[in-house]
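Read the structure below first, then the notes.
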Ligand code: GLY
C-alpha cells in the first residue's frame, strides 16, 4: 500500500469507505450515543463494503471458503464478545455483540457461533454472499505459487473501530476474514480479547490489524492498555513501543487507539494503513499512506 503503486480509483474508493464508516460513528457519538454503538456501526459499514477484508469481501481459506472472526469490547465494565470461523452470519460484529450481551460466554466458534446467531434472530447470509471475484483471484494467485512474495494488503486488511463517548466510556470492535489461504481452522488475533481487541475505561480502546500470530504472542491490545493504565507511558508511546517490539520479532501490522484522555491515534510498521479519525472539535481525517 504505497502511493506510487496504488491505483487512484482504489485510493478514492477506499477513502470513501473509510469516511462512510467514520460518519456512521459520528452520527451516534455527536448526539450523545454510546461508544459501543459507534464502533459496532462503523465496523458494520466496513463489513458490508467489499473493499475490506471483513464480512462481505473477506479473503478465502485454502479450501475456498470464507470464515470470519470478530470481537467487541466495552471499557466501562470490560464486557466482551467474540466469534471465530463464522460462515453464514451477515455481520460478524453484530454476532460478537450478541454473544457479549445475550450469552454468559465471551467466545463462540464455528457452526456453533452461526447456530447462536440463528437462535437469536441475527441476520443470516448464504456463504456465497460473502464472496467476491477479486478475493477468489487472490486465492488462486496464492495457490499457484505459495512461495511467491505476496502483497500484505492482500493478505491482511482487518477492519476495526475504537471510540470514546461523551460519558468517557470507550469501546473497541475488530472484524476480519483473516489470511488468504488460511488452513486448519486458523484463527488470528482479531477475536482474541487482549490480542487484537481490548477496551478499558481506565486506559482506552485498542484494535489491531496485521499478522495475527505476532499480535497474539505479544498480547498487543492488552499490553497497550496495561502500560497506559499503570502510567508507564501515554497510549501513543505504549502503542509505538508495541509496534517496535512487533517489528523486532518480524511481525507486520498496525494499531488504532482511542485513549481515555486525549486524541485518537495509531501506529504501524507497514508502508500504509487504511485509517481515519474524528473528534468533537471538528477533526476529520482519512489517510492511507505513512506520513499522511
Ligand atoms: N489480524 C488478522 C488476522 O491475523 O487474522
**Prompt:** If we only count helices (runs of 4 or more DSSP H) wholly inside segment 212-292, which ones have 2 or more residues that are at pLDDT 95 or above and under 20 Å from residue 171 (Cβ atoms)?
**Reply:** 220-229, 235-249
**Asked** Under 6 Å by Cβ, and 6 or more places apart or on different chains, what pairs join a residue from segment 132-145 that is at negative phi with one that is in a helix (DSSP H, G or I)?
**Response** 138/154
**Selection count where residues are on the phi < 0 side of the Ramachandran plot and within 14 Å of the ligand (Cβ to nearest atom), scope segment 199-210** = 4
**Complete:** Among residues of segment 118-148 being under 20 Å from the mean Cα position of the chain (by Cα) and in a helix (DSSP H, G or I), the residue nearest to residue 180 (Cα to Cα) is 135
**Asked** Given the structure, is residue 185 surrounded by fewer than 20 Cβ atoms within 10 Å (Cβ to Cβ) and within 13 Å of the ligand (Cβ to nearest atom)?
**Response** yes
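The values are calculated or read from the model by the stated rules, or taken from the named source; none is laboratory data. The structure displayed is predicted, hence computed values, not measured ones. Please note: Cβ atoms are built from the backbone with ideal geometry, for glycine as well, and neighbour counts cover all protein chains shown.
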